[in-house]
Amino acid sequence: MGTFSIWHWLIVLLIIVLVFGTKKLKNIGSDLGGAVKGFKDGVKDGSAPAESTATTTPPATPPQQAPLAQPAGDNKTTIDVEARNKS
């Protein structure tokens, strides 16, 4: 009683086609296929070794920021540090 036969699935498919129409189902299928293809390409590009991607495209360097001006008084609770990128 818990499983459906092939006839149940065919009736469900027929109802879906009648409700949505074949054109809309075709568009949904092509959109889903494009999304899956894009996902696969993204995973493939993300799993490529870092050395091969580093030689083809140079890494982007962040813009340099101007250092903050020191306040007039000597504030002992302020820590002045400079962030550096790991290489």
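Mind listing just one residue for me: the one in region 1-10 that is of a type in the set (A, V, I, L, M, F, W, C) and either outside any helix (DSSP H, G or I) or in contact (Cβ under 8 Å) with a residue 60 or more places away in the chain (or both) and, of those, surrounded by the most Cβ atoms within 10 Å (Cβ to Cβ)?
Here is the first cut: in region 1-10, the residues of a type in the set (A, V, I, L, M, F, W, C) are 1, 4, 6-7, 9-10.
Filter again for either outside any helix (DSSP H, G or I) or in contact (Cβ under 8 Å) with a residue 60 or more places away in the chain (or both), leaving 1, 4.
Values: 1: 3, 4: 10.
Checking each candidate, the answer is 4.
Annotation note: Cβ proximity below 6 Å between a residue of region 11-23 that is hydroxyl-bearing (Ser, Thr, Tyr) and a residue that is surrounded by 11 or more Cβ atoms within 10 Å (Cβ to Cβ) (sequence gap 6+ or interchain) occurs for no pair.
Just to check your reading of the model, which residue among 54, 35, 66, 60 is assigned to a loop (DSSP other than H, G, I, E, B) and either modelled with pLDDT of 70 or more or within 23 Å of the chain's Cα centre (by Cα) (or both)?
On the way: 54 fails: assigned to a loop (DSSP other than H, G, I, E, B); 35 fails: assigned to a loop (DSSP other than H, G, I, E, B); 66 fails: either modelled with pLDDT of 70 or more or within 23 Å of the chain's Cα centre (by Cα) (or both).
Unique residue meeting the criteria: 60.
The values are calculated or read from the model by the stated rules, or taken from the named source; none is laboratory data. Here the structure is a predicted model, which is why all the values come from computation and not from measurement. Here the Cβ is made from the backbone with ideal geometry for all residues, glycine too, and neighbour counts use every protein chain on show.
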